[in-house]
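Q: Sharing a structure here in structure tokens format.
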Amino acid sequence: GKTTIGRILTKSLNCEKGLTSQPCNRCQACQAINEGRFIDFLEVDAASRRGVEETQQLLETVMHMPGSSRYKVYLIDEVHMLSKHSFNALLKTLEEPPPHVVFILATTEPENVPATVLSRCLQFHLKNLTPQQLSERLVEVLKKEKVKFDIESINQISRAGKGSLRDCLTITDQAIAFCNGDLSGSSISEMLGTLPYDQVYDLVESIVNHRPKDLFNDLRSISKQSVDYQKLMDLFLETIQLIAVMKISPESIADLNLQINRLKSLAENLDHQEVQILYQIGLLAKRDMDLAPDLGNGFEMAL
């Protein structure tokens with residue numbers, strides 16, 4: 001999303017309507033940027049062009065006036081990958097940039113960018129989208145594409161995306177092919193190597209209600225499936241965290257398309273200390289599961 005935002009900013013600076021936060025997307029400048037043929041917008045991948053010679057070649061063009069726009073925009077993606085000498089060369093230009101030039105430095109590791117460079121930048125820290133925001137966007141996309149789905153499949157994909165809309169859409173493309181255009185929670189679980197939330201809740205309920213035999217039978221059933229036990233432990237921990245939230249602020253998860261009644265029942269049968277103990281056990285098990293002879297055994301012994 002960083003480079004996409006960079007292109008939007010470039011349109012805002014060069015839209016023929018004038019400087020605006022809402023570029024028109026209809027003028028020649030906006031359309032040229034959308035189509036990747038805008039001559040005054042240069043996107044550079046610092047991971048593949050990190051040497052000082054390449055940086056100096058880029059900076060030699062900075063003094064040239066824009067061809068037909070207000071600003072020349074240089075978007076340097078993954079800027080933290082530049083070498084020390086490249087940063088030194090870039091710093092000289094950033095100290096006194098020409099008035100017709102804008103640099104956009106995009107990175108996932110700002111801590112690896114020299115402080116002298118950061119101090120000369122207006123910094124924007126992009127946040128991950130919430131599962132609810134991702135779910136709403138996925139529903140919108142799938143309805144537009146006329147793809148069948150259920151709420152369970154949307155929940156699983158939005159959480160697997162870990163806050164990234166692009167990753168969610170990539171998973172959705174794979175899911176459409178895997179499920180033959182009909183997304184269901186069970187099929188998505190099979191594709192991702194996880195379990196439907198129903199089965200995860202069953203595990204937690206067996207623990208909370210002290211039903212070891214039911215827990216054992218559920219675990220034996222799970223062992224016959226192609227399950228990633230590390231991901232399954234993540235789902236277990238997520239469920240315990242939701243129980244903790246349900247106990248203190250149930251309204252905050254009312255819009256997450258989850259099985260609220262089951263979560264409420266679990267929350268009523270656990271006190272705060274028990275929830276914390278379960279969470280800590282899960283964290284320790286996740287850390288040590290690789291030490292077990294088999295991940296399935298490690299998960300079973302943790303529960």
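Q: Within the range 85-102, which residues are surrounded by fewer than 18 Cβ atoms within 10 Å (Cβ to Cβ) and touching a Pro at 6+ places or on another chain (Cβ under 8 Å)?
A: Those that are surrounded by fewer than 18 Cβ atoms within 10 Å (Cβ to Cβ) and touching a Pro at 6+ places or on another chain (Cβ under 8 Å): L91, H100.
Q: Which one is surrounded by the most Cβ atoms within 10 Å (Cβ to Cβ) among residues in the range 25-36 that are under 29 Å from the mean Cα position of the chain (by Cα) and in a loop (DSSP other than H, G, I, E, B)? Walk me through how you get there before you give the answer.
A: Going through the range 25-36, the residues under 29 Å from the mean Cα position of the chain (by Cα) turn out to be 25, 30-36.
Add one more test, that the residue is in a loop (DSSP other than H, G, I, E, B), and what stays is 25, 35-36.
Details: N25: 12, E35: 8, G36: 9.
Taking the candidates together, the pick is N25.
Q: Then there's this: Being assigned to a helix (DSSP H, G or I) and in contact with a Ser or Thr (Cβ under 6 Å, 6 or more places away or on another chain) is the requirement here; does K286 meet it?
A: Values: assigned to a helix (DSSP H, G or I): yes; in contact with a Ser or Thr (Cβ under 6 Å, 6 or more places away or on another chain): no.
The answer is no for K286.
Q: Could you tell me whether any residue of the range 242-253 is at pLDDT below 90 and within 22 Å of S187 (Cβ to Cβ)?
A: No: zero hits.
Q: Look through the range 197-211, keep the residues that are at pLDDT 85 or above and of a type in the set (D, E), and return whichever of them is surrounded by the most Cβ atoms within 10 Å (Cβ to Cβ).
A: Per the stated criteria, the residue is D202.
Q: Something else about it: Hey, could you check the range 37-53 for residues that are surrounded by fewer than 16 Cβ atoms within 10 Å (Cβ to Cβ) and among the acidic types (D, E) and say which is modelled with the lowest pLDDT? Spell out the reasoning first.
A: Just the residues of the range 37-53 that are surrounded by fewer than 16 Cβ atoms within 10 Å (Cβ to Cβ), to begin with: 37, 39, 42, 45, 47-48, 51, 53.
Checking the rest, the ones that are also among the acidic types (D, E) come to 45, 53.
Details: D45: 87, E53: 81.
Residue satisfying both the conditions and the ranking: E53.
Q: What pairs can you find where one residue is in the range 7-21 and in contact (Cβ under 8 Å) with a residue 12 or more places away in the chain, the other is polar (S, T, N, Q) and surrounded by 13 or more Cβ atoms within 10 Å (Cβ to Cβ), and their Cβ atoms are less than 6 Å apart, with a gap of 6+ or different chains?
A: Partner pairs satisfying both residue conditions: N14/S69.
Q: Does at least one position in the range 13-24 carry a residue that is surrounded by 14 or more Cβ atoms within 10 Å (Cβ to Cβ), closer than 30 Å to P114 by Cα and not assigned by TED's automatic domain parsing to the domain that holds R166?
A: Looking through the range 13-24, at least one residue is surrounded by 14 or more Cβ atoms within 10 Å (Cβ to Cβ), closer than 30 Å to P114 by Cα and not assigned by TED's automatic domain parsing to the domain that holds R166.
Q: Let me spell it out: the conditions are (1) surrounded by fewer than 19 Cβ atoms within 10 Å (Cβ to Cβ); (2) touching a residue at least 40 places away in the same chain (Cβ under 8 Å); (3) not in a helix (DSSP H, G or I), and T194 meets all of them except one. Which number is the exception?
A: (1) is the only condition that T194 fails.
Q: Moving on to the next point. Which numbered condition trips up E152, out of (1) crowded, with 21+ Cβ neighbours inside 10 Å; (2) charged (D, E, K, R); (3) over 21 Å from G193 (Cα atoms)?
A: Result: E152 fails condition (3) only.
Q: Return the pairs, sorted by first residue and then second, in which the second residue is hydrophobic (A, V, I, L, M, F, W, C), the first residue lies in the range 200-227 and is closer than 18 Å to I188 by Cβ, the beta carbons are less than 7 Å apart, and the residues are 6+ apart or on different chains.
A: From the range 200-227, the pairs are V200/L235; V200/F236; I222/L195; V227/L195.
Q: Here is a follow-up. For D214, indicate whether it is exposed (fewer than 14 other Cβ atoms within 10 Å of the Cβ) and not hydroxyl-bearing (S, T, Y). Walk me through it before giving the result.
A: Working: exposed (fewer than 14 other Cβ atoms within 10 Å of the Cβ): no; not hydroxyl-bearing (S, T, Y): yes.
The answer is no for D214.
Q: Oh, and also: Evaluate the following for E78: is it surrounded by 12 or more Cβ atoms within 10 Å (Cβ to Cβ), within 30 Å of the chain's Cα centre (by Cα) and either assigned by TED's automatic domain parsing to the domain that holds K162 or on the phi > 0 side of the Ramachandran plot (or both)? Walk me through how you get there before you give the answer.
A: Numbers: surrounded by 12 or more Cβ atoms within 10 Å (Cβ to Cβ): yes; within 30 Å of the chain's Cα centre (by Cα): yes; either assigned by TED's automatic domain parsing to the domain that holds K162 or on the phi > 0 side of the Ramachandran plot (or both): yes.
Criteria met by E78.
Q: Go through the range 164-191 residue by residue and tally those that are within 18 Å of D228 (Cβ to Cβ) and either among the aliphatic types (A, V, I, L, M) or crowded, with 17+ Cβ neighbours inside 10 Å (or both).
A: Qualifying residue count for the region: 8.
The values are calculated or read from the model by the stated rules, or taken from the named source; none is laboratory data. Note that the structure is predicted; figures quoted are calculated from it, not measured. Note that each Cβ is placed from the backbone with ideal geometry, even for glycine, and that neighbours are counted across all protein chains shown.
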